[in-house]
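The values are calculated or read from the model by the stated rules, or taken from the named source; none is laboratory data. Worth saying up front: this structure is predicted, and the values here are computed from it rather than measured. Heads up, the Cβs are rebuilt from the backbone with ideal geometry, glycines too, and the neighbour counts pull from every protein chain shown. Keep in mind that these areas ignore ligands, DNA and RNA; they rest on the heavy atoms of the full protein, side chains included. Shrake-Rupley method; radii C 1.70, N 1.55, O 1.52, S 1.80 Å.
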Amino acid sequence: MTTTVGLVVNPAAGRDIRRLTGGASVSNNYAKRRTAGCVLAGLTLCDDIEVLVMPDSSGLADRIVDDAPSELDVDFVEMPVTASGQDSRTAAAHFEEHADAVVVLGGDGTTRDVAHSIGDVPVVSISTGTNNVVPTPIDGTVAGEAACLVATGLVSADEATIRHGTIEVEVERDSGTSTIQGLATVGILDRAFIGTRAILEPDDIVGGVVSRASPAEIGISGIAGGLVTHRPDEPGGVGFRLAREDSSGTHVRGITVPGTLSDVRVADYQVLGDGEAYIFEVPRGVVSVDGEREHEVKDGVVSLRPVSDGPRLVQIEAVLERAAHEGYFRD
């Protein structure tokens, strides 16, 4: 019986302004192609694997398919290409119906786009973006091995995945109500327009809600993690507001962008239950979703709710340890 693994490689990941102004690492398309090649090599650990690759307009997917190991049956997903986040969502919708596991190369935004449509299909998320919270910086060969072990059922997905929380955003304006879906972090920024997509200065941040918090993370989840830790599979999340000028607050040190350790003042924070709202009145600002400035707000009320309905993320090390315990790597 053939097992199907989906592969999403975002050619646009890791190219924002933080790579010019901060210390974030670089991941060009050559590096992504090499990582994808390692993923395919790792998938050869298992027999009878079919791989479906998300197409793109840059030629990256073409090279990945052309260079694939002969042991694998590798082809493209039949879908329109828009050169936007919609491509990841379209591919994920296809994989929900036709894949046993999915490997994603990108950043938090790419993983969020896949999470929109992937349902219960296990996801192996590899970091090739900027300032990532969710994806794992790991060798592609190791990730490919984990993906095939879960996809084939040699390691149970129930034992090897966590359900990552998400954040529901509701924006109320005079013109109506709109909704947005975040994965790890949603921030409210004191900006009049979207401008560059990266969050560059802590003074831009009004506050936000995170579905995970740790001082080991970078950005909004790192600020929250300086106050309280919250695991990604733990129900609920953390909401906080930063203190404005000349007001008091709890001083927190955190890495706001790679290479920058900042001292911020937190006026208020709250550990939120599953579905509990944390509300901001926004006369003018921008909603940042997983590190990207995407939605302008003027004279609106923004409600942020952490909910426990996110993607099933594969815990790579746990999968390989389980397989070793079962003797899978022995002759």
Candidates Val171, Val142, Val186, Val133 - the one that is under 30 Å from Pro283 (Cα atoms), among the hydrophobic types (A, V, I, L, M, F, W, C) and surrounded by fewer than 24 Cβ atoms within 10 Å (Cβ to Cβ): Val171
Residue match in the stretch 5-27 (condition: out of contact with any helix residue (DSSP H, G or I) (no Cβ under 9 Å at 6 or more places or on another chain), modelled with pLDDT of 95 or more and surrounded by fewer than 21 Cβ atoms within 10 Å (Cβ to Cβ)): no
Verdict on Ala318 being in contact with a Gly (Cβ under 7 Å, 6 or more places away or on another chain) and surrounded by fewer than 16 Cβ atoms within 10 Å (Cβ to Cβ): no
Residue identified as under 25 Å from Leu149 (Cα atoms), surrounded by fewer than 22 Cβ atoms within 10 Å (Cβ to Cβ) and polar (S, T, N, Q) among Ser70, Ser58, Ser88: Ser70
Check on Glu276, within 14 Å of Ala184 (Cα to Cα), touching a residue at least 12 places away in the same chain (Cβ under 8 Å), part of a loop (DSSP other than H, G, I, E, B) and open to solvent by 20 Å² or more (accessible area, probe 1.4 Å): no
Test result for Gly208, touching a helix residue (DSSP H, G or I) at 6+ places or on another chain (Cβ under 8 Å), buried (at least 18 other Cβ atoms within 10 Å of the Cβ), in contact (Cβ under 8 Å) with a residue 60 or more places away in the chain and not in a loop (DSSP other than H, G, I, E, B): yes
Matching residues, the stretch 225-250, being of a type outside the set (D, E, K, R), buried (at least 17 other Cβ atoms within 10 Å of the Cβ) and closer than 18 Å to Glu201 by Cβ: Gly226, Phe240, Leu242
Conditions (1) at pLDDT 95 or above; (2) more than 27 Å from Ser125 (Cα to Cα); number of the one not met by Gly153: (2)
Residue check for Ser214: touching a helix residue (DSSP H, G or I) at 6+ places or on another chain (Cβ under 8 Å), of a type outside the set (Val, Ile, Thr), without any contact (Cβ under 8 Å) to a residue 24 or more places away in the chain and within 30 Å of Pro137 (Cα to Cα): yes
Single residue of Arg253, Arg284, Arg293, Arg265 found to be buried (at least 17 other Cβ atoms within 10 Å of the Cβ), of a type in the set (D, E, K, R) and assigned to a strand (DSSP E or B): Arg293
Residue list for the stretch 217-253, filter: more than 24 Å from Leu313 (Cα to Cα) and touching a strand residue (DSSP E or B) at 6+ places or on another chain (Cβ under 6 Å): Gly226, Leu227, Phe240, Arg241, Leu242, Ala243, Gly249, Thr250, His251, Val252, Arg253
Extreme residue, nearest to Ala151 (Cα to Cα), among residues of the stretch 301-311 that are surrounded by fewer than 22 Cβ atoms within 10 Å (Cβ to Cβ) and not polar (S, T, N, Q): Asp309
